[in-house]
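Notes follow once the structure below has been shown.
The values are calculated or read from the model by the stated rules, or taken from the named source; none is laboratory data. On a predicted model such as this, the values are computed, not experimentally measured, just so you know. Please note: Cβ atoms are built from the backbone with ideal geometry, for glycine as well, and neighbour counts cover all protein chains shown. Ligands, DNA and RNA are stripped out before the accessible areas are found, and what is left, the full protein with its side chains, is counted by its heavy atoms. Shrake-Rupley method; radii C 1.70, N 1.55, O 1.52, S 1.80 Å.
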Amino acid sequence: MNTPNTSTAARREPELLGQTVVLIGGSAGIGLETARRARAEGADVVITGRNPERLERAARELGVQRTAAFDATDAAALRSFFRDLPDPVDHVLVTAGGPSYTPLLEMDADQVREALSDHVVLGLEIARNAAGKMRPGGTLLLMGGTGGRRVRRGLGIVPAATAALPPFVAALALELAPVRVNLIAAGFVDTPLSASLLKDKLDERREELRENLPIGRVVGPADVAALAVHIMANTALTGATYDIDGGQQFAF
């Protein structure tokens with residue numbers, strides 16, 4: 001005999017059943033895990049990435065039929081991708097791009113402009129091209145961070161770039177409505193990008209986080225993917241920033 005809880009769980013429909021999720025930067029890390037989670041919740045997914053080989057491996061692993069290999073910062077390629085999508089889409093997650101930790105005095109004017117505008121410009125270009133393809137109630141989901149909220153030596157321009165994203169997302173949510181726009185602000189996430197940035201200091205950083213984070217463990221891509229899918233499924237959420245860092249901003 002089933003308990004009420006077991007019976008309810010058995011009847012639960014997948015949260016994204018029949019919906020389409022586009023992952024800009026979906027061949028590794030957070031993007032790949034979100035694609036996996038979205039598939040498990042009944043979504044059709046489209047993954048993009050710059051590296052064709054890695055994209056092909058990810059597509060085979062997930063059983064994904066639609067992929068596109070291009071650089072998301074290439075405006076013409078981005079425009080062509082959204083123009084050629086055959087069906088309306090429900091959600092777009094942008095994980096492409098990464099932080100720049102170059103010391104301020106070593107940056108030239110062009111580097112400063114790029115670092116300050118990188119995520120904002122990319123988010124705006126994707127919003128502009130995706131708007132006509134997205135169903136009402138869907139969400140454009142951008143990635144930011146919590147680590148840059150406190151100014152510290154070594155972060156360079158990151159705190160300024162971090163501060164720009166929440167008001168940008170809120171303003172874009174008003175302009176793009178009834179499509180929703182939200183921001184995930186992550187701390188350290190154990191991804192290939194983190195490994196490439198930290199190199200031989202990766203294990204040391206992992207151990208430091210395990211010892212000091214309130215959750216007692218390192219945040220992984222699957223944690224962020226679970227939050228991303230929740231934001232996609234909950235149609236009351238827009239214009240907001242959602243932190244996921246295991247308490248990192250309070251512990252350090």
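Given the condition open to solvent by 80 Å² or more (accessible area, probe 1.4 Å), within 18 Å of residue 251 (Cβ to Cβ) and not acidic (Asp, Glu), answer yes or no: does some residue in region 216-229 qualify? Yes; the residues of region 216-229 include at least one that is open to solvent by 80 Å² or more (accessible area, probe 1.4 Å), within 18 Å of residue 251 (Cβ to Cβ) and not acidic (Asp, Glu).
For first residues located in region 169-183 and closer than 14 Å to residue 138 by Cα and touching a residue at least 60 places away in the same chain (Cβ under 8 Å), partners that are in a loop (DSSP other than H, G, I, E, B) and hydrophobic (A, V, I, L, M, F, W, C) and lie 6+ apart or on another chain with Cβ distances below 9 Å form the pairs 173/179; 173/240; 182/237; 182/240. Close Cβ contacts (under 9 Å, 6 or more residues apart or on different chains) running from residues in region 56-78 that are free of Cβ contacts under 8 Å to residues at least 60 places away in the same chain and more than 16 Å from residue 124 (Cβ to Cβ) to residues that are open to solvent by 30 Å² or more (accessible area, probe 1.4 Å) and part of a strand (DSSP E or B) comprise 56/67; 56/69; 58/67; 59/66; 59/67; 64/44; 65/44; 66/44.
Working only within region 132-147, note down all residues that are touching a strand residue (DSSP E or B) at 6+ places or on another chain (Cβ under 9 Å) and small (Gly, Ala, Ser). Residues satisfying the conditions are 137, 138, 144, 145, 147.
Of the residues making up region 72-83, just one is modelled with pLDDT under 95 and in contact with a strand residue (DSSP E or B) (Cβ under 9 Å, 6 or more places away or on another chain), namely 72. With respect to the stated conditions, residue 148 is at pLDDT below 85, under 18 Å from the mean Cα position of the chain (by Cα), of a type outside the set (Asp, Glu) and open to solvent by less than 40 Å² (accessible area, probe 1.4 Å).
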